[in-house]
Structure formats: structure tokens, C-alpha cells
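Below you'll find the structure, written out as C-alpha cells, and then a few comments.
The values are calculated or read from the model by the stated rules, or taken from the named source; none is laboratory data. Keep in mind that what you see is a predicted model, and the values were worked out from it rather than measured. Heads up, the Cβs are rebuilt from the backbone with ideal geometry, glycines too, and the neighbour counts pull from every protein chain shown.
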Amino acid sequence: MPHDHCPSCASPDLAFARHDHGLCSTDALSRADGLVAQRGLRLTPVRRRALEILLESHRALGAYDVLARLAEGGFGNQPPVAYRALEFLEDQGLAHRIRRLNAYTACMHMGEAHAAAFLICVKCNAVSEAASAPAIAALETAARASGFVIEATTIEAVGLCPACRQAAAA
């Protein structure tokens, strides 16, 4: 079922492109299962459900939003339930924390070494994770030139997604 706010599965650099979101979610869950198993870990039912919740749309969700959805599924309603699951997903590279929104989104590049670069719609909170960004490459080049070693990079660009821009123009 296509969604207006999903990056294309075939080409994650195409922000907010229409695609088969069911296939996108199924593929991401399959990759997550494989990655976690390779590391000798497991997606417990609560971790799996938290990831499924994040994969339902390409929007950032707060921990309490995830907690409410977990509670609906019988996983408890205490904040540590959601925070532990989200921390595991983030530690394993299956989700990212969007600091600007104090929220989480599923990683669209699971298993790939990458710096996170996000396009965030300020109106609908849709989030697209860019596969590569020239700004990140430029930052890495500048760091190398000065002898600095970057351990982690996150770029959060805010603006309006195509759907919200179109709605505002109407």
C-alpha cells in the first residue's frame, strides 16, 4: 500500500517517494532479524513490536507514543518498557533518535555503515533518511584535513515535505 511520505525502498535518496510500504516494512523487519541473529542477539517480542511500530510510517514517534502502542499490545505501560526497546534498536542500528523532535524513526539503511542525515517535515513530522549526503562527505574531508577523527555524525534538516508544500499552496 503506497504512502505519500515514504522514501523509496529501491532508492532511499528519493525522499518522500511513493512505494509499496508493506514490502518496505517487511523487508526492513527481515533485515533486522538477520542482523540481530548475526550478532548473537534476538529481537524479543517487545523489541520486534517497537520496530514494527516505527516501521508503520516514516514519521518520527516519541517514546510515549511507542509506549502507548506497546501497551495496546499487552507489553506493559511503564516507560522503561519503551525506552529499553528503543535503546536496543538504536544501539543495534535499527532505529535512530531524532534529537530535534525527541523522537525515534526506523533506520532505512540497517546493516550499512553510514552517517545519519535526515529530512524532517516540520508540519507532519515525516522523516526521510538520506543514503548519502554531500555535506557529510565535505565534513569528513574537513575533519581529515585537520587531523580530527569523526566518530558519529547526524544531520537534521527541517523544512516542508512535498505533500505539505502542496497542501499549503492549495
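The set of residues from region 123-141 being out of contact with any His (no Cβ under 8 Å at 6 or more places or on another chain), at pLDDT 85 or above and under 22 Å from G93 (Cα atoms) comprises L139, E140. Inspect all residues belonging to region 140-154 and state whether any of them is farther than 25 Å from G34 by Cα, buried (at least 18 other Cβ atoms within 10 Å of the Cβ) and not charged (D, E, K, R). For region 140-154, residues farther than 25 Å from G34 by Cα, buried (at least 18 other Cβ atoms within 10 Å of the Cβ) and not charged (D, E, K, R): absent. Would you confirm, using the coordinates I've provided, whether R97 is surrounded by 15 or more Cβ atoms within 10 Å (Cβ to Cβ), free of Cβ contacts under 8 Å to residues at least 12 places away in the same chain and within 13 Å of the chain's Cα centre (by Cα)? Yes, satisfied.
A quick yes/no check of all residues on (1) out of contact with any His (no Cβ under 7 Å at 6 or more places or on another chain); (2) assigned to a helix (DSSP H, G or I); (3) surrounded by fewer than 19 Cβ atoms within 10 Å (Cβ to Cβ); (4) modelled with pLDDT under 90:
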{"site": "A15", "(1), (2), (3), (4)": "yes, no, no, yes"}
{"site": "S25", "(1), (2), (3), (4)": "yes, yes, no, yes"}
{"site": "A28", "(1), (2), (3), (4)": "yes, yes, no, yes"}
{"site": "A71", "(1), (2), (3), (4)": "yes, yes, yes, no"}
{"site": "Y83", "(1), (2), (3), (4)": "yes, yes, yes, no"}
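Here L41 passes the criteria (1) aliphatic (A, V, I, L, M); (2) surrounded by fewer than 18 Cβ atoms within 10 Å (Cβ to Cβ); (3) without any contact (Cβ under 8 Å) to a residue 24 or more places away in the chain except the one numbered (3). The residues of region 118-152 that are more than 20 Å from H58 (Cβ to Cβ) and in contact with a helix residue (DSSP H, G or I) (Cβ under 6 Å, 6 or more places away or on another chain) amount to a single one, I150. For region 47-64, residues that are farther than 14 Å from C107 by Cα, in contact (Cβ under 8 Å) with a residue 24 or more places away in the chain and surrounded by fewer than 18 Cβ atoms within 10 Å (Cβ to Cβ) total 1. With the condition kept exactly as written, say whether any residue in region 31-49 is under 24 Å from V158 (Cβ atoms) and hydrophobic (A, V, I, L, M, F, W, C). No: zero hits. Taking the conditions exactly as written (surrounded by fewer than 18 Cβ atoms within 10 Å (Cβ to Cβ), aliphatic (A, V, I, L, M), over 17 Å from A32 (Cα atoms) and under 15 Å from the mean Cα position of the chain (by Cα)), does I120 satisfy them or not? It is false that I120 is surrounded by fewer than 18 Cβ atoms within 10 Å (Cβ to Cβ), aliphatic (A, V, I, L, M), over 17 Å from A32 (Cα atoms) and under 15 Å from the mean Cα position of the chain (by Cα).
Close Cβ contacts (under 7 Å, 6 or more residues apart or on different chains) running from residues in region 79-93 that are more than 14 Å from V46 (Cα to Cα) to residues that are part of a helix (DSSP H, G or I) comprise Q92/L35; Q92/V36. Within region 45-59, the residues that satisfy the criterion of being in a helix (DSSP H, G or I) and not basic (K, R) are P45, V46, A50, L51, E52, I53, L54, L55.
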